[in-house]
1. Go through 140, 149 for me and flag whichever is assigned by TED's automatic domain parsing to the domain that holds residue 324, in contact with a strand residue (DSSP E or B) (Cβ under 6 Å, 6 or more places away or on another chain) and not in a strand (DSSP E or B).
2. If the requirement is being touching a residue at least 40 places away in the same chain (Cβ under 8 Å) and touching a helix residue (DSSP H, G or I) at 6+ places or on another chain (Cβ under 9 Å), which of these qualifies: 51, 28, 43?
3. Mind checking whether some residue in segment 40-52 is of a type in the set (Val, Ile, Thr), modelled with pLDDT of 95 or more, more than 19 Å from the chain's Cα centre (by Cα) and farther than 20 Å from residue 113 by Cβ?
4. Checking the conditions here, which among 304, 227, 237 is at pLDDT 95 or above and either crowded, with 21+ Cβ neighbours inside 10 Å or outside the structural domain of residue 207 (by TED's automatic domain parsing) (or both)?
5. Could you grab me the full set of residues in segment 234-249 that are touching a residue at least 40 places away in the same chain (Cβ under 8 Å) and part of a loop (DSSP other than H, G, I, E, B)?
6. State which residue is surrounded by the most Cβ atoms within 10 Å (Cβ to Cβ) when the search covers only segment 170-201 and only residues that are part of a loop (DSSP other than H, G, I, E, B) and among the hydrophobic types (A, V, I, L, M, F, W, C).
7. Considering 130, 156, 137, which residue is closer than 22 Å to residue 334 by Cα and touching a His at 6+ places or on another chain (Cβ under 9 Å)?
Amino acid sequence: MIDERIWEGVAYLLDSYAEVRPGDDVVVAYTSDSSESAAWVSVALKMRGIVAKRVWMEPLHDPGFAERFSAALPSTIEASRRLVIMTFERDTMSHTNKLLAALSKYDKDRYSVFRAISSGAEFFSEALCASPADLSARNAALLERLMSAKRLRITAPGGTDLRVALDSDRYRWISNRGISRPGRTVILPAGEVATYPAAIEGILVADVAFNVNMITERDARLHAHPVTVRVESGRAVSHECSDPDTLRFLDECFGTHRAQSVGELGFGTNFAVTAGIPSNSHVNERRPGVHLGFGQHNQRSAVVEYDCTIHLDLIARGGLVWVDDDPTPIDLENVTPSSCSHPTNFTDEDVYSPEFDDLEIDDCCGVLTSGGIRLFCTPAS
């Protein structure tokens with residue numbers, strides 16, 4: 001059943017994100033767990049006079065997908081038209097190389113790719129109800145102050161108190177703002193800036209939710225039983241939670257090799273996300289506030305050399321960020337959008353080229369227990 005808020009999110013996706021116009025060729029690929037999302041989008045497109053070609057796909061391993069997907073593509077893109085690809089999955093982001101191979105015959109300026117993870121009702125009703133222009137302006141406002149900073153102090157209402165050293169010459173900033181650029185894949189939901197902390201110490205109290213690169217049905221929300229993590233020298237040295245089941249889950253995550261390392265300092269900027277949702281979802285880490293990603297990092301391997309099969313985001317509600325000696329902190333829940341252009345020296349959140357080609361398996365978010373891969377940040381062009 002689709003309600004008004006979901007329908008509003010579908011409209012944002014088509015009109016503000018994908019900017020679909022009459023005459024465009026649209027292909028919608030989806031896994032079975034996201035068939036409802038694909039149906040909502042297809043109906044909305046039809047109401048705009050556009051009949052999308054729909055391609056079902058098995059997540060991770062689907063020998064027939066490349067042929068089905070290629071058959072849905074136009075032989076050429078006419079001068080007055082544009083090709084828009086949208087994919088919907090819940091826990092995975094599959095078949096990256098097959099998609100790129102099929103699109104390689106087209107001019108990169110003539111097509112756009114939008115890939116949704118965590119698709120479902122809240123994806124539309126929460127995360128998509130903020131335009132990419134608004135998200136870009138908020139991301140720009142944060143990056144204008146943070147990219148030149150050397151040190152931060154971050155506090156949040158739940159008890160978070162972190163001291164961070166930054167090195168933006170060495171560690172790249174990532175900005176996910178939902179805006180398409182030639183040759184890039186737009187990862188949705190959008191609304192985050194992040195980097196790798198040169199040093200970090202203090203206490204993180206995650207009172208919103210977790211997001212982990214595993215397939216799990218557990219309730220991701222933490223508001224009823226916040227998680228407290230003590231960080232020393234860039235590593236989690238202790239973790240606490242009053243809920244025994246959540247504590248066992250954390251023990252399992254942090255027990256993985258290198259999972260205690262802080263691999264990401266992130267700031268959610270999507271003001272349309274107002275609370276944590278039950279699903280293990282990227283929607284949660286887009287909520288305005290600070291989060292730390294433990295385990296796998298968000299940098300290139302030549303810069304940060306370790307690898308980890310776990311990436312566990314623990315998300316705090318809101319926060320104040322003091323930048324160097326500036327006495328006026330950034331209020332993460334009330335970021336004033338920038339009137340300037342978004343910085344150009346950043347990286348996109350994009351899809352890592354999978355290392356499982358021989359097995360015909362993709363998995364951008366690392367849900368494979370043998371050691372997967374996740375959303376990867378590729379250099380901006």
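The values are calculated or read from the model by the stated rules, or taken from the named source; none is laboratory data. Just so you know, these numbers come straight off a predicted model, no measurement behind them. Every residue, glycine as well, gets a Cβ built from its backbone with ideal geometry; the counts of neighbours run over all protein chains shown.
1. Being assigned by TED's automatic domain parsing to the domain that holds residue 324, in contact with a strand residue (DSSP E or B) (Cβ under 6 Å, 6 or more places away or on another chain) and not in a strand (DSSP E or B) holds for just one of 140, 149, which is 149.
2. Numbers: 51 fails: touching a residue at least 40 places away in the same chain (Cβ under 8 Å); 43 fails: touching a residue at least 40 places away in the same chain (Cβ under 8 Å).
The unique qualifying residue is 28.
3. The answer is yes, given that some residue of segment 40-52 is of a type in the set (Val, Ile, Thr), modelled with pLDDT of 95 or more, more than 19 Å from the chain's Cα centre (by Cα) and farther than 20 Å from residue 113 by Cβ.
4. Going through 304, 227, 237 in turn, the sole match is 227.
5. Once the filter is applied, which keeps residues that are touching a residue at least 40 places away in the same chain (Cβ under 8 Å) and part of a loop (DSSP other than H, G, I, E, B), segment 234-249 yields nothing.
6. Looking at residues that are part of a loop (DSSP other than H, G, I, E, B) and among the hydrophobic types (A, V, I, L, M, F, W, C), I get 190.
7. 137
Table: residues versus (1) assigned to a strand (DSSP E or B); (2) in contact (Cβ under 8 Å) with a residue 40 or more places away in the chain; (3) under 30 Å from residue 278 (Cβ atoms); (4) of a type in the set (Gly, Ala, Ser).
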site	(1), (2), (3), (4)
68	no, no, no, no
84	yes, yes, no, no
91	no, yes, yes, no
119	no, yes, yes, yes
133	no, yes, yes, yes
144	no, yes, no, no
153	yes, yes, no, no
162	yes, yes, yes, no
168	no, no, no, yes
